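A short worksheet on the structure shown next.
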Amino acid sequence: MTGDARILVLMATYNGQAHLAEQLDSIFDQEGVEVTLRVSDDCSTDNTFRILETYAAEHENLEIIYNTAHKGKTRTLMKLCLLYTSDAA
């Protein structure tokens, strides 16, 4: 542990390949914080999955959660929130 502030970023994705790498780079480039990133992919049909896997291989603080069926942005983000709440308990 570095002594930096610790933050958890929750992110829902669906067919976000156009901007996903830029978003992930921005999150991981933050200074003065220790970032944990959890991304839930809502059954993307573009290269979102591949981009996430590439980043996960390079960043041990990135966890990918895959929906088994398309749920929409609200349910996808709520699933992440519920998973985090159960981890914190």
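Computed from the coordinates by the stated procedures, all read-outs in this text should not be read as laboratory data. A quick note: this is a predicted structure, and the numbers were derived from the prediction, not measured. Cβ: placed from backbone, ideal geometry, glycine included. Neighbour counts: every protein chain shown.
For region 1-80, what does the alpha-carbon gyration tensor say about shape, rounded, prolate or oblate, given a ≥ b ≥ c as the root eigenvalues, a/c under 1.5 as rounded, and a/b over b/c as prolate? It is prolate, given that a/c is not under 1.5 and a/b is the larger ratio. Think of it as helices only: each DSSP H run of n ≥ 4 in the chain is worth -39500 (n - 2.57), and spread over all residues that comes to -14000 deg cm²/dmol at 222 nm. The stretch between THR74 and ILE7, if pulled fully straight at 0.36 nm per residue, gains 22.0 nm over its current Cα-Cα span.
The relative contact order of the chain, computed from alpha carbon pairs under 8 Å that lie at least 6 residues apart in sequence, is 33 percent. Along region 7-22 the Karplus relation, 6.51 cos²θ - 1.76 cosθ + 1.60 evaluated at θ = phi - 60°, assigns HN-Hα couplings of 10, 10, 10, 10, 9, 9, 10, 7, 6, x, 4, 5, 10, 4, 4, 5 Hz to successive residues, with x for each Gly and Pro. Here the extension length gained between LEU82 and ASP25 equals 18.0 nm, from 0.36 nm per residue of separation less the Cα-Cα distance. In this rough spin-label picture, where each label sits 7 Å from Cα along the Cβ direction, the THR36-HIS59 distance is 1.5 nm.
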